[in-house]
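Values in this text are rule-based calculations from the coordinates and carry no lab data. Not measured: the values here are computed from a predicted model. Quick reminder, even Gly has a Cβ in these numbers, built from the backbone with ideal geometry, and neighbours come from all protein chains shown.
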Amino acid sequence: MAKRSKRARPSEGRSRRFQQQKQTLKWQIVFSLLVMGALIGVMVFLRARMKTPTLADVQVTKPAQTPPSMTDEAYEERGFSVTYLDVGEGDAALVTCDGQHMLIDGGLPENSDRIYTVLKDREITHLEYIVCSHAHEDHAGGLSGALRAASVGTAYVPPGEYTGRAYENFLEALDAQGKQAVTVTAGERFSLGSAEVTILAPVDLALAEEIENNASVMLRIVYGNTSFLFTADAESAEELSVLDTGDDIRSTVLKAGHHGSFSSSTDVFLDAVSPAYCVISCGEGNPYEHPHEVTLRRLNNRSITVYRTDLQGDITCVSDGETVTFSTERSVTP
């Protein structure tokens with residue numbers, strides 16, 4: 001009898017095919033995982049490369065800046081600020097831009113120690129500029145204290161000859177540093193860091209023959225799209241002389257002339273300056289009753305925000321080149 005050839009049973013064939021398919025699927029899964037892992041690795045590598053700057057990038061790329069706090073020491077090295085110092089019935093303002101400093105007036109002689117202390121506390125050992133707006137003691141008096149604390153690059157004074165103990169003390173302190181006062185010229189410009197300073201007045205010295213206030217040095221500082229106007233004690237006649245020049249005097253912040261006296265900050269002048277803010281430097285309970293009500297009405301009628309040293313103490317304004325922010329020593333609303 002012939003032998004029958006062995007044939008696989010149907011169930012055994014199906015089992016073998018199932019095992020083969022299972023093995024194939026396993027390798028497909030492994031291959032897919034390997035491919036995915038490789039792709040993820042490439043993506044991580046590329047992202048790391050994109051985020052890691054080269055040395056050249058580090059040298060030329062500067063981080064975006066937002067206005068830092070008033071206590072940020074790094075900001076003092078690259079930003080712009082003005083501190084309108086409370087020196088009673090007088091004027092004094094410390095301007096800082098990109099680590100350079102300018103002092104505009106120094107208050108009364110009794111403020112000399114105060115100015116000295118301010119500079120020492122801020123570790124300012126050099127002033128690029130000192131501006132003595134005019135010879136009156138409530139502006140020139142404290143400047144000798146500044147020169148005890150710091151050296152000076154250039155000291156500006158108004159044209160003309162002036163006497164008075166406070167002013168002479170200032171000139172003597174300059175001489176002790178081997179410096180000579182430099183007479184300003186209207187139209188002159190100079191830089192303080194990245195800010196530009198323009199001397200606007202005095203324009204007509206004949207105006208000072210009757211009223212010495214009209215010899216005041218008036219200057220405008222521009223930092224980015226913000227600007228600051230300092231008028232010292234210029235009265236209406238000097239304000240008009242500046243308007244007649246056609247110079248651009250529009251400013252974000254105005255330091256009111258003559259401590260807020262009605263003889264300054266006239267309507268036509270305020271309209272030309274068009275400030276958003278005005279700082280009045282005056283003494284509490286001063287005998288001149290500064291600021292005068294008529295001046296405050298002029299400012300209020302134009303919706304100009306007012307700050308006052310007699311009420312709020314030291315007033316600091318910081319600019320980022322686009323907007324300004326204020327902080328005050330005392331929280332009082334004028």
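Scanning segment 233-246 for residues being part of a loop (DSSP other than H, G, I, E, B) and surrounded by 17 or more Cβ atoms within 10 Å (Cβ to Cβ) gives a total of 3. Among the residues of segment 253-275, those that are out of contact with any Gly (no Cβ under 7 Å at 6 or more places or on another chain) and assigned to a loop (DSSP other than H, G, I, E, B) comprise Ala256, Ser261, Phe262, Ser263, Thr266, Ser274, Pro275. Of Arg250, Arg220, which residue is outside any helix (DSSP H, G or I), within 30 Å of Glu110 (Cα to Cα) and basic (Lys, Arg)? Result of the check over Arg250, Arg220: Arg220.
For the criterion of being of a type in the set (S, T, N, Q), touching a His at 6+ places or on another chain (Cβ under 7 Å) and part of a helix (DSSP H, G or I), Asn213 passes.
Among the residues of segment 108-132, just one is among the polar types (S, T, N, Q) and part of a loop (DSSP other than H, G, I, E, B), namely Thr125. So which residues in segment 271-307 are among the hydrophobic types (A, V, I, L, M, F, W, C) and out of contact with any strand residue (DSSP E or B) (no Cβ under 8 Å at 6 or more places or on another chain), if there are any at all? Answer for segment 271-307, where residues must be among the hydrophobic types (A, V, I, L, M, F, W, C) and out of contact with any strand residue (DSSP E or B) (no Cβ under 8 Å at 6 or more places or on another chain): Ala272, Val294. Within segment 289-300, residues that are more than 14 Å from Tyr277 (Cβ to Cβ) reach partners that are of a type in the set (Val, Ile, Thr) and not in a helix (DSSP H, G or I) with beta carbons closer than 6 Å, at six or more positions or on different chains, in the pairs Pro291/Ile280. Considering Ala155, Ala166, Ala135, the condition of being assigned to a loop (DSSP other than H, G, I, E, B) and buried (at least 18 other Cβ atoms within 10 Å of the Cβ) is satisfied by Ala135 alone. Of all residues in segment 227-256, those satisfying the criterion of being in contact (Cβ under 8 Å) with a residue 40 or more places away in the chain and within 15 Å of Ile211 (Cα to Cα) are Ala232, Asp233, Ser241. Pairing residues of segment 177-195 that are over 18 Å from Ser216 (Cα atoms) with residues that are small (Gly, Ala, Ser) and crowded, with 17+ Cβ neighbours inside 10 Å, at Cβ distances under 7 Å and at least 6 apart in sequence or on separate chains, gives Lys179/Ala155.
The residues in segment 124-138 that are among the β-branched types (Val, Ile, Thr), within 13 Å of Val95 (Cβ to Cβ) and without any contact (Cβ under 8 Å) to a residue 60 or more places away in the chain can be counted, and the count is 2.
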